[in-house]
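The values are calculated or read from the model by the stated rules, or taken from the named source; none is laboratory data. What you are looking at is a predicted structure, and each value in this text was computed from that prediction instead of being measured. Note that we place each Cβ from the backbone using ideal geometry, even for glycine, and neighbour counts take in every protein chain shown. Accessible surface is based on the protein model in full, side chains and every heavy atom, while ligands, DNA and RNA are left aside. Shrake-Rupley method; radii C 1.70, N 1.55, O 1.52, S 1.80 Å.
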Amino acid sequence: MLKVTRKTKQVEIILDQELAERIAALGDQLSRELTAEQVTEAGTNTAAKRTAKRIEELKEQAKDSTLILTLRAMPVSKWAQTLAANTVTAGNAAGTRDMFGTAADALPQMLESATIGGKSADPADLTKDALRDLFDQLTDGQFTPLWQAIAELNGTAADPKAAFDLASKVLHS
């Protein structure tokens with residue numbers, strides 16, 4: 001029997017917004033410190049090491065409030081149906097996509113696993129309505145990585161024919 005292996009991706013969402021923002025701010029600080037080239041004779045950037053250590057400490061602290069979703073791409077027809085169900089058209093105008101509705105419809109179909117604090121998430125929290133409620137509570141910074149994963153998994157063309165044809169031309173010319 002033929003079997004298609006669809007792509008998967010893991011998304012981590014820290015549900016404690018204040019903690020997530022503190023980690024993000026430290027990440028920005030770490031980036032600045034790494035580009036400041038404050039290297040000592042010992043060859044280490046002590047400010048960057050301190051900041052990295054603090055990020056790791058906060059990551060550990062965030063474990064209990066981190067939702068980890070493992071998502072698998074949907075079959076093309078299911079993705080097309082999900083997009084169609086969440087696109088509003090007015091007259092002859094191009095449709096407007098309801099991003100939250102699309103995500104809430106797609107996510108239950110894409111979920112391979114969901115954990116929070118290392119334990120399986122309650123299935124009642126993973127229904128379309130519960131997810132829509134969750135999305136309404138998230139900040140853009142919390143929702144965006146999830147939306148990007150959904151779009152990346154389902155919106156990428158995976159037809160390698162053009163690559164095969166080009167490689168063949170290069171090798172046989």
Any hit, the stretch 84-98, residues being within 16 Å of Gln148 (Cβ to Cβ), modelled with pLDDT under 90 and part of a strand (DSSP E or B)
yes
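Given the criterion aliphatic (A, V, I, L, M), in contact (Cβ under 8 Å) with a residue 60 or more places away in the chain and out of contact with any helix residue (DSSP H, G or I) (no Cβ under 6 Å at 6 or more places or on another chain), identify the matching residue among Leu69, Leu83. Even if it seems obvious, please write down each step before you answer.
Details: Leu83 fails: in contact (Cβ under 8 Å) with a residue 60 or more places away in the chain.
It is Leu69.
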With Pro160, Pro123 as the choices, which residue is farther than 28 Å from Ala25 by Cβ, over 18 Å from the mean Cα position of the chain (by Cα) and modelled with pLDDT of 90 or more?
Pro123
For the subset of the stretch 118-127 comprising residues that are surrounded by 13 or more Cβ atoms within 10 Å (Cβ to Cβ) and not acidic (Asp, Glu), which member is farthest from Asp16 (Cα to Cα)?
Thr127
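Criterion first (modelled with pLDDT under 95, among the aromatic types (Phe, Trp, Tyr) and open to solvent by 60 Å² or more (accessible area, probe 1.4 Å)) does Phe135 satisfy it? Before the answer, list the steps.
Values: modelled with pLDDT under 95: yes; among the aromatic types (Phe, Trp, Tyr): yes; open to solvent by 60 Å² or more (accessible area, probe 1.4 Å): no.
Answer is no for this residue.
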Of the criteria (1) in a strand (DSSP E or B); (2) open to solvent by 30 Å² or more (accessible area, probe 1.4 Å), which one Leu67 fails
(2)
From Ala130, Ala114, Ala151, Ala106, which residue is touching a residue at least 40 places away in the same chain (Cβ under 8 Å), part of a helix (DSSP H, G or I) and surrounded by 13 or more Cβ atoms within 10 Å (Cβ to Cβ)?
Ala106
